[in-house]
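The values are calculated or read from the model by the stated rules, or taken from the named source; none is laboratory data. Bear in mind that the values here come from a model prediction, so they are computed numbers and not experimental data. Cβ placement follows ideal geometry from the backbone for every residue including glycine, while neighbour counts extend to all protein chains displayed. Accessible surface areas use protein heavy atoms only, side chains included; no ligands, DNA or RNA. Shrake-Rupley method; radii C 1.70, N 1.55, O 1.52, S 1.80 Å.
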Amino acid sequence: MLNQTQATIVKFRNYVIQQSRSNLSKLRKNDTKKLYNSLKGEILTEDNYTLVGFSMDEYGLFVDKGVKGADPSQVSKNARIRGQQAPNSPYSFKGKRPPSAPLEKRAKRKNLRLRDEKGKFQKGNYKTLGIILAKNIWARGIKPSLFFTKPFEAGYKKYIDVDLVKAFGQDVGTIVSTNLKDLK
């Protein structure tokens, strides 16, 4: 019955999903496409209300909001690792370091390599690189990408704050005019 309202809600859902996926690709956070493919939006309509829900793999929250690095007192004093990537993130490492095995695999996929003293690339050493990356991530954290937050806020402002009110007004006008015709 509220066709315009429903169409606006569908536009909002589709916009958020499309823009979030686009942001993952632009920000180069789409290495395995697992998070990209896990983004879903669902619309539930019952009696007098409609809910829009979004879901993604759990680690998507960490990619979006970032993760605080370890407590500076836990990082060795002579380490070159400095500066928090996400000091305001609700998530943090609780003393446990991230696993190095997935980072080792990623380094291999991306063909990242260490250099020797002469500046030449070393062969292999992905295990060492995975450990170095894990230590760096543990100490500094993960920078927030806001790949989902920004499209959600922009879509809300455009579709919910503005267009939904107009669509609801059009639907109410249609309902009133239909009821007036039925009375005649």
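The residue of segment 150-160 that is farthest from S55 (Cα to Cα), among those that are in contact (Cβ under 8 Å) with a residue 12 or more places away in the chain and open to solvent by 20 Å² or more (accessible area, probe 1.4 Å), is K158.
Checking each residue in segment 86-109 for being part of a helix (DSSP H, G or I) and free of Cβ contacts under 8 Å to residues at least 60 places away in the same chain picks out S100, A101, P102, L103, E104, K105, A107, K108. Could you go through segment 53-68 and let me know if any residue there is modelled with pLDDT under 85, among the aliphatic types (A, V, I, L, M) and either exposed (fewer than 11 other Cβ atoms within 10 Å of the Cβ) or in a loop (DSSP other than H, G, I, E, B) (or both). Checked segment 53-68: no residue is modelled with pLDDT under 85, among the aliphatic types (A, V, I, L, M) and either exposed (fewer than 11 other Cβ atoms within 10 Å of the Cβ) or in a loop (DSSP other than H, G, I, E, B) (or both).
Being more than 17 Å from G141 (Cβ to Cβ) and either of a type outside the set (D, E, K, R) or at pLDDT 85 or above (or both): is that true of Y49 here? Judged against the criteria, Y49 is a match. Residues that are closer than 15 Å to D64 by Cβ and in a helix (DSSP H, G or I) within segment 131-154 comprise T149, K150, P151, F152, E153, A154, listed in sequence order. Going by the structure shown, is R109 over 21 Å from the mean Cα position of the chain (by Cα) and either of a type outside the set (V, I, T) or surrounded by fewer than 17 Cβ atoms within 10 Å (Cβ to Cβ) (or both)? Considered against the rule, which asks whether it is over 21 Å from the mean Cα position of the chain (by Cα) and either of a type outside the set (V, I, T) or surrounded by fewer than 17 Cβ atoms within 10 Å (Cβ to Cβ) (or both), R109 comes out as yes. Scanning segment 24-38 for residues that are open to solvent by less than 30 Å² (accessible area, probe 1.4 Å) and either in contact (Cβ under 8 Å) with a residue 24 or more places away in the chain or hydroxyl-bearing (S, T, Y) (or both) gives L24, L35, S38.
Just one residue in the set G66, G60 is small (G, A, S) and out of contact with any Lys or Arg (no Cβ under 6 Å at 6 or more places or on another chain); that residue is G60. Residues in segment 39-52 that are assigned to a loop (DSSP other than H, G, I, E, B) and open to solvent by 80 Å² or more (accessible area, probe 1.4 Å): D47, N48. Of the residues making up segment 113-130, those that are open to solvent by less than 80 Å² (accessible area, probe 1.4 Å) and assigned to a loop (DSSP other than H, G, I, E, B) are L114, D116, G119, Q122, G124, N125.
Entry remark, segment 111-139: residues being on the phi > 0 side of the Ramachandran plot and either modelled with pLDDT of 85 or more or out of contact with any Leu (no Cβ under 9 Å at 6 or more places or on another chain) (or both) number 3 in total.
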